[in-house]
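Student: Here's a structure for you.
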Amino acid sequence: MSLPTLMSKVQTLQTSLQAKAKAEPAFRFYSLWDKVYRTGVLRVAYRGCRANRGAPGYDSISFKQIEDQGWDEWLERLQQELRVGGYQPQPLLRVWIPKAQGGQRPLGIPTIRDRVVQMAVLLVLGPVFEVDLLPRQYGFRPGSDAKMAIRAIHFGITQRGKREVVDGDLSDYFNTIPHGELMRCVSRRVSDGTGLPVIRKWLKVAVIERDERGERRTTETKDKQRGTPQGGIISPLLSNLYFRRFLLAWQKFGFGQRLRAEVVNYADDLVILCPNGCGEKAMAAMRHLMSRLGLIVNEKKTRLVKLPDEHLDFLGYTLGQF
């Protein structure tokens, strides 16, 4: 079967799942794992991972090695593992990449095998959770990008007169998300008895890195209770699901209405657009809610920007004099 035909079948499945999620906001999907290991879903997942390229993970197995030995057979073996419950995630390989502002950040690189399974899960779960994400969440979503977030901020400042802006920064957001609360976010929509344990294992998988002598050593163990690995294909979706809790709490406790303050979120970055005189209160409210969620506000980088006298740097754009 050709790739376009496979993709069409996967898109039909995604449309069906998304329609169900949209029609029934409280519905919990109890049978999704069998869709993850469908031949078409796994093939599309493999092609997606292949297109992204990426270095080998902990096992050092590359795409070329898989394809030299026959990727059809490789996928069939993986499919059988998923079908009978024999699939177990492998450790992540930690690498360090430079930040634009200086310093380094860690990435946990899954094996290609684990990448394909995560991509397959994302193909199935992504449309379900996309329905629940909120309009002002712009990161890691189909049809959204950084420019859309910037346009929303620009509109709030110029058209709604919200000239006090909380430029919020979270310390190591991905690595501080509490597993228990995150899994509650997932299980609110998913009750699949096979899929949920696999996601838990991805969160707790060991991390291996090379020391200065080139030898591998374990730097994180399965006992950890926080964090979704940066570098994992499923991690952006999980991070969005948890950040959604902050946005819901912002609405629930009336901060948006009382302070007339709007939150714009992109991945682990956020700004809060406020009318004059409300910025300090909005910043205090943000700190309070983040603390309740078990997240840490980076006080060195979080600040209140008063436009037009000061400028806001966000997602590589500078907003200042209007």
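Student: Identify, from the list 56, 25, the residue that is in contact with a Ser or Thr (Cβ under 8 Å, 6 or more places away or on another chain) and assigned to a loop (DSSP other than H, G, I, E, B).
Tutor: Only one candidate passes the filter, namely 56.
Student: Next question. Give just the number: which of (1) farther than 22 Å from residue 29 by Cα; (2) at pLDDT 95 or above does residue 238 not satisfy?
Tutor: Status for residue 238: all satisfied but (1).
Student: Now, a different point. Across the stretch 5-15, which residue is farthest from residue 122 (Cα to Cα) among those that are within 24 Å of the chain's Cα centre (by Cα) and surrounded by 12 or more Cβ atoms within 10 Å (Cβ to Cβ)? Steps first, answer last, please.
Tutor: Within the stretch 5-15, the subset within 24 Å of the chain's Cα centre (by Cα) is 7, 10-15.
If we keep only those that are surrounded by 12 or more Cβ atoms within 10 Å (Cβ to Cβ) too, we end up with 7, 10-11, 13-14.
On the way: 7: 14, 10: 12, 11: 13, 13: 13, 14: 10 Å.
Once the filter is applied, the top-ranked residue is 7.
Student: With the requirement that a residue be of a type outside the set (A, V, I, L, M, F, W, C) and either within 30 Å of residue 119 (Cα to Cα) or free of Cβ contacts under 8 Å to residues at least 60 places away in the same chain (or both), what does the stretch 137-167 give you?
Tutor: Step one: list which residues in the stretch 137-167 are of a type outside the set (A, V, I, L, M, F, W, C), which gives 137-139, 141-145, 147, 151, 154, 156, 158-164, 167.
Passing the criteria: 137, 138, 139, 141, 142, 143, 144, 145, 147, 151, 159.
Student: Can you confirm whether the stretch 251-259 contains a residue that is in contact with a helix residue (DSSP H, G or I) (Cβ under 8 Å, 6 or more places away or on another chain), at pLDDT 95 or above, surrounded by fewer than 15 Cβ atoms within 10 Å (Cβ to Cβ) and not in a helix (DSSP H, G or I)?
Tutor: yes
Here's the yes/no breakdown for (1) out of contact with any Lys or Arg (no Cβ under 9 Å at 6 or more places or on another chain); (2) polar (S, T, N, Q); (3) surrounded by fewer than 16 Cβ atoms within 10 Å (Cβ to Cβ):
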residue	(1), (2), (3)
118	yes, yes, no
157	no, no, no
164	no, no, no
168	no, no, no
174	yes, no, no
183	no, no, no
195	yes, no, no
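Student: Sticking with this structure for a sec: Sort out which residues of the stretch 101-129 are touching a residue at least 24 places away in the same chain (Cβ under 8 Å) and either in a strand (DSSP E or B) or over 27 Å from residue 78 (Cα atoms) (or both), and write them in order of number. Outline the logic, then answer.
Tutor: Residues of the stretch 101-129 that are touching a residue at least 24 places away in the same chain (Cβ under 8 Å), as a first pass: 105-129.
Of everything in the stretch 101-129, those that are touching a residue at least 24 places away in the same chain (Cβ under 8 Å) and either in a strand (DSSP E or B) or over 27 Å from residue 78 (Cα atoms) (or both) turn out to be 105, 106, 107, 108, 109.
Student: Closer than 19 Å to residue 203 by Cα, small (Gly, Ala, Ser), surrounded by fewer than 16 Cβ atoms within 10 Å (Cβ to Cβ) and modelled with pLDDT of 95 or more: is that true of residue 86 in this structure?
Tutor: Numbers: closer than 19 Å to residue 203 by Cα: yes; small (Gly, Ala, Ser): yes; surrounded by fewer than 16 Cβ atoms within 10 Å (Cβ to Cβ): yes; modelled with pLDDT of 95 or more: yes.
Answer is yes for this residue.
Student: To continue, here is another question. Identify, please: which residue in the stretch 260-299 is surrounded by 18 or more Cβ atoms within 10 Å (Cβ to Cβ) and among the small types (Gly, Ala, Ser) and is, among those, nearest to residue 141 (Cα to Cα)?
Tutor: For the stretch 260-299, the residue satisfying everything is 267.
The values are calculated or read from the model by the stated rules, or taken from the named source; none is laboratory data. Predicted model, so just to flag it, every value in this text is computed and none were measured. Every residue, glycine among them, receives a Cβ derived from its backbone with ideal geometry; neighbour counts consider all protein chains shown.
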